[in-house]
């Protein structure tokens, strides 16, 4: 048995070596991209290829402009519902289904954008922050209660946070100590929030791409 419901401040390349390859039900992560803030994230191909160790289903966010370096079974679109800049990102599904889907959810890149969400959302100033609503849709669609979800590049902790809300077990890894502190604080504060999750309109369109 592996220890779950924990977040780790450490190097994913080292921490992933400690996990048995059959111990995870889903990897849901937003890794560094080779064309985005490379001076901050220090992209290298090993950060992606290390995921080949795990044979479980995977959902991996990826740039709309750069080829994805791993095999996959489907490509989904996150429509950010913005009228300028980068209007979508891709989500590559590995070891999973073959239906291509569209997920529509507002981008969070400011305190104003945060106000469109509710749900206990906050703007963390992470340059690639993912919305609670979007992560919740993915977790509900691809997992069940009690599953173990791994996010080796957790940023400010949205995946562990949603796992906690939805009774999924989680392991989060983040190398940046400041982001790790934010994630830890969000998890601690989640016990105080009344999110009324059952009343939320998910907004998942479920559209097939052709």
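The values are calculated or read from the model by the stated rules, or taken from the named source; none is laboratory data. Treat the numbers as computed from the prediction; the structure is a model and nothing was measured. Methodologically, a virtual Cβ is constructed for each residue, glycine included, from the backbone with ideal geometry; neighbour enumeration extends over all protein chains shown.
Restricting attention to the stretch 139-160, the residues that are surrounded by fewer than 24 Cβ atoms within 10 Å (Cβ to Cβ) and part of a helix (DSSP H, G or I) total 4. Residues that are at pLDDT 90 or above, in a loop (DSSP other than H, G, I, E, B), within 21 Å of residue 150 (Cα to Cα) and more than 18 Å from the chain's Cα centre (by Cα) occur in the stretch 35-54; there is at least one. The residue that is modelled with the lowest pLDDT, among those in the stretch 91-116 that are farther than 23 Å from residue 52 by Cβ and assigned to a strand (DSSP E or B), is 104. Comparison of 65, 18 shows that the only residue that is without any contact (Cβ under 8 Å) to a residue 12 or more places away in the chain and farther than 23 Å from residue 141 by Cβ is 18.
Regarding residue 48, is this residue crowded, with 19+ Cβ neighbours inside 10 Å, over 20 Å from residue 108 (Cα atoms) and out of contact with any strand residue (DSSP E or B) (no Cβ under 6 Å at 6 or more places or on another chain)? Criteria met by residue 48. The residues of the stretch 13-30 that are in contact with a helix residue (DSSP H, G or I) (Cβ under 7 Å, 6 or more places away or on another chain) and modelled with pLDDT of 95 or more, listed by number, are 13, 16, 26, 27, 28. Scanning the stretch 161-171 for residues that are crowded, with 20+ Cβ neighbours inside 10 Å and touching a strand residue (DSSP E or B) at 6+ places or on another chain (Cβ under 8 Å) yields 163, 168, 169, 170, 171. Taken as a whole, the condition of being assigned to a loop (DSSP other than H, G, I, E, B) and surrounded by 12 or more Cβ atoms within 10 Å (Cβ to Cβ) applies to residue 68. Against the numbered list (1) crowded, with 17+ Cβ neighbours inside 10 Å; (2) modelled with pLDDT of 95 or more; (3) in a loop (DSSP other than H, G, I, E, B), residue 180 comes up short only at (3). Scanning the stretch 1-34 for residues being in a helix (DSSP H, G or I) and touching a strand residue (DSSP E or B) at 6+ places or on another chain (Cβ under 7 Å) gives a total of 2. What single numbered condition from (1) surrounded by 14 or more Cβ atoms within 10 Å (Cβ to Cβ); (2) in contact with a helix residue (DSSP H, G or I) (Cβ under 8 Å, 6 or more places away or on another chain); (3) at pLDDT below 95 fails to hold for residue 60? (3) is the only condition that residue 60 fails.
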